[in-house]
Amino acid sequence: MKSLFSASMVIAMAGCISSDALPRTASATPAAESVQVIKVTAKKYEFDPATIHVKQGTKVQLKITATDHAHGMKIQEFPEGDKAMKAGLVFSSGNDCAKAEEGQTTTVEFVAQTPGTYPFRCCVHCGWHHRSMKGEVVVDP
């Protein structure tokens, strides 16, 4: 019995020693991407903030909350004055009208690839001055 116990201990210790002696490999799990989250309020004829500054290369989530009734946001994917028409904002799930019902929040997610100014506007008719409801995303280098 004593020899069986001794043999078990030797095998267990050998397993511990050999596993520590083996080289360890890096984890296959990628590091979490950092995301800049910006809260935006949409209310009668205005976005707050109306000008949103982000750094080039940043992954951005705009959390848009409609406070008085339904609103939406549509962001131009090309910087103002860009003749090449190369998208400078790369959207995660398309760049359709992101609609938020009253009291609800919707998310627009993109990567800011190219410096420039990207206008946005309300894309849900919200009243007489609907066309004045706009703003801009400024991507700084």
Those chymotrypsin sites (Phe, Trp or Tyr not before Pro) from segment 48-141 that are DSSP loop and have at most 11 other Cβ neighbours within 10 Å turn out to be 128
Under 15 Å from the Cα of residue 59 - aspartates and glutamates, other chains or at least 8 residues apart: 33, 77, 109, 140
What residues have an amide H closer than 5 Å to that of residue 78, excluding those fewer than 5 places away on the same chain, when H is modeled at 1.01 Å from N in the peptide plane? 88
Straight-line reach from residue 43: which aspartates and glutamates have a Cα under 18 Å away, not including same-chain ones fewer than 8 places off? 68, 101, 102, 136
Measure up 63/83; 39/86; 63/99; 63/86 against 23 Å on the Cα-Cα distance and list the ones that go over. 63/83; 39/86; 63/86
Counted neighbours (other Cβ, 10 Å), sorted fewest up, put 35, 108, 40 in the order 35, 40, 108
May I ask you to derive the FRET efficiency for residue 37 and residue 70 from their Cβ-Cβ distance with R0 = 30 Å, giving the value to the nearest 0.05? 0.85
I'd like to know how segment 35-140 sits against the 2.2 N^0.38 Å rule of thumb: what's its Cα Rg over that expected value? 1.00
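Any read-out appearing in this document is the output of simple, stated calculations on the displayed coordinates, not a laboratory observation. Not measured: the values here are computed from a predicted model. Don't worry about glycine lacking a Cβ; one is built from the backbone with ideal geometry, like all the others, and counts go over all protein chains shown.
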